[in-house]
């Protein structure tokens, strides 16, 4: 015990050194955290740019409007996923070479009918029905044929 001097007994001299070491470690840790954050942001930027380039290339190759890219979900990042998404949803955007589902084709036919069909006044139909002289004429007015409903 005789070796220990008054201030060394409580480790005062060591506290100064250890607090400096801790300060330096904290400083180095903060610098590394900042560096990691910057690198993560840079990586995210590169990934976004790569994804956008891939999407643009695939859409151009498929002759699809590039504005369709905003509808592709963010979780789809690789070329195969983008092509699969386009194959599944391409008919919604009028992608050429993508076979439309029967529901989409039916909707397009219905839209075309409304554009080309002449509007009919209900009063005209009732007047024609009232003036029909035979069952065949009535069937012609109602069903477009002389035999009546088919089926």
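The table below gives the values:
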{"quantity": "Exclusive hit being in contact with a helix residue (DSSP H, G or I) (Cβ under 8 Å, 6 or more places away or on another chain) and either at pLDDT below 90 or not assigned by TED's automatic domain parsing to the domain that holds residue 82 (or both), set 9, 59", "calculated": "59"}
{"quantity": "Failed condition for residue 67, given (1) surrounded by fewer than 10 Cβ atoms within 10 Å (Cβ to Cβ); (2) outside any helix (DSSP H, G or I)", "calculated": "(2)"}
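The values are calculated or read from the model by the stated rules, or taken from the named source; none is laboratory data. Treat the numbers as computed from the prediction; the structure is a model and nothing was measured. Please note: Cβ atoms are built from the backbone with ideal geometry, for glycine as well, and neighbour counts cover all protein chains shown.
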